[in-house]
Amino acid sequence: MANAVNKLRAPDRSFVIVTHYQRLLNFITPDVVHVLADGRIVKSGGPDLAHELEAKGYDWLRAGAMVS
């Protein structure tokens, strides 16, 4: 799948890839990463955000996403 996505990448084409696995992102480098919690985007960033999530997990974002 990663090879197909990489071959089809173009400035005029977008892909939405939903994953919880860093392993996939070792083969497809994202331009933008969005983190969803409770149906809302709670954090956006570049490829570095995916690496940060792999290292730290998601709990630090869940805590910040809670509404009082």
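The values are calculated or read from the model by the stated rules, or taken from the named source; none is laboratory data. Just so we're clear, the structure is a prediction, and the values are computed from it rather than from any experiment. Please note: Cβ atoms are built from the backbone with ideal geometry, for glycine as well, and neighbour counts cover all protein chains shown. Note: accessible area is taken over every heavy atom of the protein model, side chains too, but ligands, DNA and RNA are not part of it. Shrake-Rupley method; radii C 1.70, N 1.55, O 1.52, S 1.80 Å.
Scoring residue 25 on the criteria (1) at pLDDT below 90; (2) surrounded by 12 or more Cβ atoms within 10 Å (Cβ to Cβ); (3) out of contact with any helix residue (DSSP H, G or I) (no Cβ under 7 Å at 6 or more places or on another chain) leaves a single failure, condition (3). It is to be established whether one or more residues within the range 39-49 are touching a Ser or Thr at 6+ places or on another chain (Cβ under 7 Å) and open to solvent by less than 100 Å² (accessible area, probe 1.4 Å). Yes, the conditions are met somewhere in the range 39-49.
Of everything in the range 1-22 that is without any contact (Cβ under 8 Å) to a residue 24 or more places away in the chain and within 10 Å of the chain's Cα centre (by Cα), the residue that is least open to solvent (accessible area, probe 1.4 Å) is 19. Is it fair to say residue 50 is out of contact with any strand residue (DSSP E or B) (no Cβ under 8 Å at 6 or more places or on another chain) and either in a helix (DSSP H, G or I) or free of Cβ contacts under 8 Å to residues at least 24 places away in the same chain (or both)? For residue 50, the condition - out of contact with any strand residue (DSSP E or B) (no Cβ under 8 Å at 6 or more places or on another chain) and either in a helix (DSSP H, G or I) or free of Cβ contacts under 8 Å to residues at least 24 places away in the same chain (or both) - is not met. Within the range 1-24, the set of residues being closer than 17 Å to residue 61 by Cβ and not in a loop (DSSP other than H, G, I, E, B) comprises just one member, 22.
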